[in-house]
Structure formats: C-alpha cells, structure tokens
Amino acid sequence: MPLVTSTEMFKKAYEGGYAIGAFNVNNMEIIQGITEAAKECKSPVILQVSKGARAYANRTYLVKLVEAAEIETGLPIVLHLDHGDSFETCKSCIDDGFTSVMIDASSKPFEENIAITKQVVEYAHAHGVVVEAELGTLAGVEDEVNVSAEDSSYTRPEDVQEFVNRTGCDSLAIAIGTSHGAYKFKPGTKPQLRFDILEEVQKRLPGFPIVLHGSSSVPQDYVQMVNTYGGHMPDAIGVPEDQLREASKLAVCKINIDSDLRLAMTGTIRKYFHDHPGDFDPRQYLKPARANIKELVKHKIVDVLGSDNKI
C-alpha cells in the first residue's frame with residue numbers, strides 16, 4: 001500500500017468517534033517503534049516531520065525511512081509536514097512525496113493567514129496532497145515554534161467557517177488550551193481544555209476534521225527516569241489523557257504527540273548508560289529506547305486515541 005492522504009482516515013475517525021495519532025519522527029528507531037505499535041494495534045497512523053527534523057535527518061532519508069515502514073507494515077500511513085512556515089517549505093515537501101502538509105500562518109493577521117494558506121492549498125490540491133491550517137496560537141516551545149503565553153490566543157469560533165471556505169483547507173488546527181513542548185502546566189493546577197470552543201467550532205463546521213497540537217501528556221514515569229539518571233527537568237504535567245479522549249469523540253480527528261516520545265527515548269537511554277557505563281554500542285541503548293516508544297504509542301492508540309482495530 002503506498003503512502004496515503006488523511007482524507008479517508010479523518011472521515012472514518014469523525015464518524016467513529018476516535019482520533020488518529022500524529023507522531024513526530026526524527027530517526028529510524030522512532031519510526032520503527034511507532035509503526036510496530038500501530039501494526040500490532042491495527043491502527044492507521046500519521047508520521048509527521050518538522051522543519052527541524054528535515055534539517056537534522058536529511059529530507060531524503062526521512063522520506064525513505066517512512067516508505068520503508070510502509071513496506072514492512074502494510075499500514076495506511078500519512079507522511080505529514082508539521083508546522084510548515086512558508087509556501088516554499090510546503091512546496092518542497094509536496095515535491096518530495098509528502099501526502100499531507102501543514103501551513104502554519106497562525107501568527108499572521110487573519111487576512112494574511114488566509115492568503116498564505118490558500119496559496120499552499122492550490123499547489124497541494126493540484127498534486128493530490130491535503131492541507132492542514134491553523135487558527136489561534138498555542139503557547140510553548142517545540143522546534144521552530146516559540147510562542148509566549150502572552151502571545152497565545154484561543155481560536156475564535158466565529159472565524160472558522162469563513163477561514164475554511166476561503167482557503168479550501170482540509171483540516172484545521174485550533175487552540176483550546178493545549179501547549180507545545182513538555183513544560184505545560186505546573187503540578188497542582190487543573191488543566192482544562194476549552195470544550196465550549198471545540199463544540200462551537202463543531203457546530204459551525206459540521207463533519208470537518210479538527211486537529212489538536214501540543215497534546216503530549218508528559219508521562220511522569222519517564223520524567224522521573226530522566227531526572228533520576230542525570231537530567232534536570234522542571235516539574236510539569238501535560239494535557240490530561242481523559243480530556244484528549246473526550247475531544248477525540250467530538251470533532252478532533254488528529255492529535256499530535258511529540259514530547260512524550262522524546263521523554264521515552266531520552267529517559268530510557270539515560271537509564272541504560274547508568275546501568276551499563278562501559279557500553280558504547282548504539283544498538284544496545286537504542287533497542288530498549290525503541291521498545292519503550294512502541295509501548296508508549298500502543299498506550300496512546302488504545303487508551304487515548306481509540307484508533308485500535310480500525311483497519
């Protein structure tokens with residue numbers, strides 16, 4: 001099965017009350033862990049690549065690694081650009097074989113966001129590629145995304161219908177209280193997604209797929225592992241998983257997960273070096289890291305996204 005777009009995935013997810021996991025990838029082991037989990041769970045999956053990941057791993061290597069995962073697993077896989085910051089970046093990914101791109105012009109004024117998004121949509125649709133856009137801005141830091149709490153803003157439901165109609169985008173990322181990166185909410189706080197905004201958006205865009213960025217839950221066992229074996233992560237909690245599950249029963253068809261994968265890999269490797277200080281074989285410390293990414297993704301698919309047994 002060749003790489004696919006998210007169109008059919010999102011249609012089934014919307015009707016079925018579940019979401020597709022969009023997992024950020026940077027190297028072979030992360031791709032293997034994610035897709036092995038998806039195969040065992042019989043789940044469709046989105047592998048997404050940021051501008052930073054393309055620069056790190058080389059644009060050709062990442063595409064070929066994802067194509068290899070598709071060959072090995074036979075899964076329906078979407079290859080998606082996460083947070084494309086310009087028409088040129090989106091065009092490059094489309095030309096390289098991506099089946100989905102995100103243009104993030106959410107920091108621009110409304111009219112400029114529409115103009116940039118529409119330009120990407122026209123090029124993408126002419127090449128059989130789907131486009132995710134964004135309204136509202138999430139706080140936090142992740143790769144090239146760096147937005148202060150003061151500059152973040154919730155999505156205005158009254159804007160969404162005009163934006164989608166004028167741009168022709170295929171899905172829309174909205175801001176309802178999630179946050180990029182691992183440093184989300186302080187312990188003792190009670191994070192609460194703005195379901196009132198989500199429900200109003202759903203009323204204005206019936207049947208239209210909504211996306212949540214910044215949806216890592218910051219698993220405390222891996223945070224503790226990082227800190228126990230030489231790290232110094234500040235205390236933080238992520239987006240409650242029960243709220244993500246509730247969102248996926250509504251209009252949310254795609255939930256982005258990145259920081260949790262980084263924590264699983266880094267915590268595992270730190271522990272391995274603590275337990276095996278004389279080992280210098282990358283295969284030995286990357287193997288358990290890959291295994292823990294797999295287990296984390298299986299948990300997300302089954303307990304958070306609800307996308308297991310959907311293929």
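With a 1.4 Å probe and every protein chain kept in, tell me what percent of the accessible surface of the chain is carbon plus sulfur. On the chain, the fraction of accessible area on carbon and sulfur atoms equals 52 percent.
Computed from Cα atoms, the angle from the helix 28-41 axis to the main principal axis of the chain rounds to 70 degrees.
Between the residues THR137, VAL239, MET265, the greatest Cα displacement towards the positive end of the dipole of the chain, with unit charges on the Cβ of Lys, Arg, Asp and Glu, is found for MET265. Quick check: the angle from helix 195-204's long axis to the longest principal axis of the chain, C-alpha only, nearest 10 degrees? Long axis of 195-204 versus the principal axis of the chain: about 40 degrees. A 1.4 Å probe, protein heavy atoms only, puts the accessible area of GLU72 near 140 Å².
What the range 204-311 shows is 43 Å² of accessible area per residue, with the surface traced by a 1.4 Å probe over protein heavy atoms. Each Lys and Arg adds +1 at its Cβ and each Asp and Glu adds -1 at its Cβ; summed about the Cα centre, the chain shows a dipole of about 540 debye.
Between helix 87-96 and the chain there is an angle of about 60 degrees, using the helix long axis and the longest principal axis of the Cα atoms. Projected onto the charge dipole of the chain (+1 at Lys/Arg Cβ, -1 at Asp/Glu Cβ, origin at the Cα centre), which of MET28, GLN119, GLY97 gives the Cα projection farthest towards the positive end? Projecting each Cα onto the dipole axis, the largest value belongs to MET28.
Note on exposure: ARG283, ARG245, ARG204 ranked by accessible area (1.4 Å probe, complete protein assembly) read ARG283, ARG204, ARG245, with the most exposed listed first. Please go through the residue pairs LYS64/LYS300; LYS11/LYS294; LYS91/LYS298 and name each one whose alpha carbons sit more than 30 Å apart in this structure. Listed pairs above 30 Å: LYS91/LYS298. Note on the range 151-276: Lys pairs 8 or more places apart or on different chains, Cα atoms under 23 Å apart, count 4. Per-residue ellipticity at 222 nm computed for the chain from its helices equals -14500 deg cm²/dmol, with DSSP H segments shorter than 4 residues left out and the rest contributing -39,500 (n - 2.57).
Here the average projected area of the convex hull drawn through the C-alpha atoms of the chain stands at 14.9 nm².
The values are calculated or read from the model by the stated rules, or taken from the named source; none is laboratory data. The shown structure was predicted, so the numbers you read here are calculated from the model rather than taken from an experiment. Cβ atoms come from the backbone with ideal geometry, glycine included; neighbour counts cover every protein chain shown. Calculation scope for accessible area: heavy atoms of the full protein, side chains included, ligands and nucleic acids excluded. Shrake-Rupley method; radii C 1.70, N 1.55, O 1.52, S 1.80 Å.
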